[in-house]
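Working notes, beginning with the structure itself.
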Amino acid sequence: MKKVKYTRDIIHTGYCILVNQFHPYVENKCLMNLVPLQYEPTIYLNMDANDALNQIMEKINGWDSIVPISGYRSFEEQSKLYKQSLLENGEEFTSKYVALPGCSEHQTGLAIDLALKTDDIDFICPDFPYEGVCQRFRDLAPLYGFIERYGKKVESITHIAHEPWHFRYVGYPHSLIMKELGMCLEEYCEYIQTRLDDENVLVYKKDDESCEVSYIPCVDNELEVMMDDKSKWSLSGDNCEGLIYVQFR
């Protein structure tokens, strides 16, 4: 085991950060690691999210039928989109489908909006049906670290209307755990915050691999993490009050 020290800023970085109107995004461009999409170089995504997206698309031959609509957006781009939607669609529609500037997952580089390829695509609410190639993408997504972020049954929790087209990269094993538990990211972050000690870690097993998921609260400006440096691990802030630690066995 080894002890690693971090500053409090680390809670705002990582694939599991919660970004919504109550937890604004704390931008750190050095950690975004943005790259252009292979089939749409004007759209950027985090490098690991981009790799995962390409793997899914290759499995289903998805680039023939699915179009990427929006990936990374800067604060300025989100502000422009929000103001434009207010003018064109009104406050009620905008509050449901367009996040406030500073509170959009698209600013993280971890979110992608996808559409079924048609002649007429709506930029804000693209069609991504629960059938055909779109559903095949949706079914495979958690295996590669993506979740459908805004489900219909959790609108009162996410405060965003149902968005079948919006997918968020959270990484493995979090995507599969959320799918199996039927949780959105808000619920998952709250759930993991209860996993505070060795007797209460979340044990997750898939095939021949298992891991333990636990939570490390940040109570000061610095925090220490005890890591097993002889095995694989991952660490992500939750953009709330601590770190989500995964130890693979």
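The values are calculated or read from the model by the stated rules, or taken from the named source; none is laboratory data. Being a predicted model, the structure only gives us computed values, none of them experimental. FYI the Cβ positions are ideal-geometry reconstructions off the backbone, even for glycines, and counts take in every protein chain you see. Surface areas here come from the heavy atoms of the whole protein model, side chains and all, with no ligands, DNA or RNA. Shrake-Rupley method; radii C 1.70, N 1.55, O 1.52, S 1.80 Å.
Measure off 7 Å from each Cα along the Cα-to-Cβ vector at residue 28 and residue 127, then give the distance between these two points in nanometres to one decimal.
Going by the 7 Å Cα→Cβ label model, 4.2 nm.
Can you return the aspartates and glutamates within cross-link range of residue 206? Criterion is Cα-Cα under 18 Å, with same-chain partners fewer than 8 residues away left out.
Reachable aspartates and glutamates: 139, 180.
From the phi angles alone, apply the Karplus equation (6.51, -1.76, 1.60; θ = phi - 60°) to the stretch 115-126 and give each ³J(HN,Hα) in whole Hz, x where the residue is Gly or Pro.
Rounded to whole hertz, the list is 9, 5, 5, 9, 6, 10, 10, 7, 5, 7, 10, x.
Around residue 210, which amide H atoms from residues at least 5 apart in sequence, or from another chain, sit under 5 Å from its own amide H, with H modelled in the peptide plane?
249
In the chain, what percent of the accessible surface is made up of carbon and sulfur (1.4 Å probe, ligands and nucleic acids excluded)?
Details: 6220 of 12740 Å².
After summing per-atom areas, the C and S share lands at 49 percent.
Note down the net charge around residue 113, summing +1 for each Lys or Arg and -1 for each Asp or Glu among other residues with Cβ under 12 Å from its Cβ. Write out the running numbers ahead of the final one.
On the way: positive: 73, 149, 168; negative: 40, 105, 122, 127, 148, 163.
Once all neighbours under 12 Å are counted, the net charge is -3.
Please give the per residue accessible area of the stretch 35-182, computed with a probe of 1.4 Å over protein heavy atoms only, in Å².
47 Å²
Please report, for the Cα atoms of the chain, the Rg to one decimal and the Dmax as a whole number; what are they, in angstrom?
Looking at the chain, its Cα Rg and Dmax stand at 18.1, 57 Å.
Label points 7 Å out from Cα along the Cβ direction at residue 86 and residue 100: separation in nm?
1.2 nm
Would you mind computing, in nm to one decimal, how far apart the modelled labels at residue 120 and residue 228 are, each placed 7 Å from Cα along Cα→Cβ?
About 5.7 nm separates the two model spin labels.
Starting from the Cα coordinates of the stretch 73-134, work out the convex hull volume and express it per residue in Å³.
101 Å³
Given a cut-off of 31 Å, name the pairs among 2/205; 117/179; 59/230 whose C-alpha atoms lie farther apart than that in the structure shown.
Beyond 31 Å between Cα atoms: 59/230.
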